Amino acid sequence: MIQEKRIALKNAGHIDPGSIDEYIARGGFQAMEKAFAREPKDLIAEMENSGLRGRGGGGFPTGMKVKFTDQAAWPSDYMKYVVCNADEGEPGTYKDRVIMEQDPFIMIEGMIIAAWAIQAEQAYIYIRGEYVESVRRIEHALKQCYDKGYLGKHLLNTEFSLDMELRLGAGSYLCGEELTLLESLEGNRGYPRIKPPFPANEGVFRKPTLINNVETFAHMPWIVMEGAQAYKAMGTEKSPGTKIFTISGDVNKPGYYEVEMGTTLRQLIELAGGMKGGDGFYAAILGGAAGTFVNESVLDTPMGFDTLKEKNAILGSGAVMVMNTSRSLYEMMASILEFFAHESCGKCVPCRVGTKMLVDMWDEVKVPKNGNRSHMLDKMAGEADYMQKTSLCPLGGSPIIPIESARQYFRHAF
Ligand SMILES: Cc1cc2nc3c(=O)[nH]c(=O)nc-3n(C[C@H](O)[C@H](O)[C@H](O)COP(=O)(O)O)c2cc1C
Ligand code: SF4
């Protein structure tokens, strides 16, 4: 059986998350010191060479994003910002919560390193308000970092200063989308902005902003300490490193598991104690609601951003929901479509109307009026495709993802 390999969770369970001293005793803040001894440009090159890709779902190369933010075409005296996306709204995903509740310092240290790399002197952590325990832990951790001099003025006796503040969301799924998050962070209603411009050029307060996911930041101290080559040695060629998968559903030991990228679904299910009860594997949803249904033909595919894409599946945030043969695809898809209809902000017609239409159309797949379910599924795919092409933000383009995968992998079921 494969073993866990922990980078983001290396201290989880080993330290009191309320104690900065215990974090320091396990090597905490050594990466910050090492980073501060290097030129910011060197650090950016290290991140690029590591091949680290964003763990928030999109898999964008992190080093490239850091470089773009560093090179943003603003006069050099303008502020740059670092923002941590801790909104974690994707159904089935709870990895960021685990990091924040069990080792909040690793993420903060990653953010300090990123801030040094682009010389940003202000950082924000945006957490969904429902994550009460995470908020409490981060607040406490920030206070200790200020007390110890890891945040504030003249860090490690340099000219560099960094402030880090917490901002709370109100639980809107859309506020996890980076530009909507930045609107909300500024105190505005959680409506998306048109992209481009990207945050690297115009982010919070319309200034260059590096926005990354909690897990992405949590990888940075390790990369600084061990080097890009050691990081690249793990995982797959195009998705190096480790990934926290949150597995739920019909397995014996649902939970969070940090393993090398390239681990297969079969291996992950085995690590999670195997299928529960006497029923065998039927389906899994990879990546959350904006994720893909897959069948047993994907069980042995190495899970990485590109390897899953080759199968028209996605890794996304690392959420894995496993269904045994007693489960109904209808119910699962219905709850996904209702979720999108509920979370649509209503700003543009294709998504506001389209997400509700899809819920109604799915009812017809379940109880077909003309006896042809497959035909109805094709019509839904057409509608979702239209939504993807005409909606203002990526939420309107999300329903096509589960629908297309259901058509590809489970057409026979309709
Ligand atoms: C509707 C929607 C919701 C999202 N929710 C989250 C989220 O909760 N957390 C997150 O890190 N990224 C989320 N994202 C992705 C972010 O827009 C962005 O890609 C991410 O913060 C970039 O960080 P990364 O490069 O480290 O992955 C969401 C995207 C969309 C379209
Ligand atoms: S696509 Fe949906 S969520 Fe995005 S702006 Fe339009 S209505 Fe709002």
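Each reported figure results from applying straightforward, stated rules to the coordinates on display, with no laboratory input. Quick caveat, the model's predicted, so the values are computed rather than measured. Heads up, the Cβs are rebuilt from the backbone with ideal geometry, glycines too, and the neighbour counts pull from every protein chain shown.
Here are some notes:
- For q = 0.11, 0.12, 0.18 Å⁻¹, Debye-computed log10 I/I(0) when each Cα of segment 20-232 counts as one equal scatterer: -0.46, -0.56, -1.38
- Computed about the Cα centre, the dipole magnitude for segment 233-301 is approximately 140 debye when only Lys and Arg (+1) and Asp and Glu (-1) carry charge, each at its Cβ.
- Residues K389, K243, arranged from fewest to most other Cβ atoms within 10 angstrom of their Cβ, appear as K389, K243.
- Computed magnitude of the charge dipole of segment 273-410 (debye, nearest 20; Cβ of K, R +1, Cβ of D, E -1): 240
- Computed from backbone phi, the HN-Hα couplings of segment 90-101 come to 5, x, x, 10, 8, 5, 5, 4, 4, 4, 5, 7 Hz, rounded to whole numbers (Karplus: 6.51 cos²θ - 1.76 cosθ + 1.60, θ = phi - 60°; Gly and Pro given as x).
- Mean sequence separation of contacting Cα pairs (under 8 Å, at least six apart), scaled by the length of segment 304-405, corresponds to a relative contact order of 24 percent.
- For the chain, projected area of the alpha-carbon convex hull averaged over all directions, nm²: 19.4
- Taking every alpha-carbon pair under 8 Å whose residues sit at least 6 apart, the chain reaches a relative contact order of 17 percent.
- With θ taken as phi - 60° and the Karplus curve 6.51 cos²θ - 1.76 cosθ + 1.60 applied, the whole-hertz 3J(HN,Hα) list for segment 305-311 is 4, 7, 5, 6, 4, 4, 9 Hz, x standing for glycine and proline.
- Against the chain, whose longest principal axis comes from its Cα atoms, helix 132-148 is set at around 20 degrees.
- Packing-based exposure ordering (other Cβ within 10 Å, fewest first) of V365, V359: V359, V365
- Other-chain or far-sequence residues with amide H under 5 Å of V83's (modelled H): Y124, L210, I211, N212
- Put in line by how crowded their Cβ is, counting other Cβ atoms within 10 Å and starting with the fewest, E178, E121 read E121, E178.
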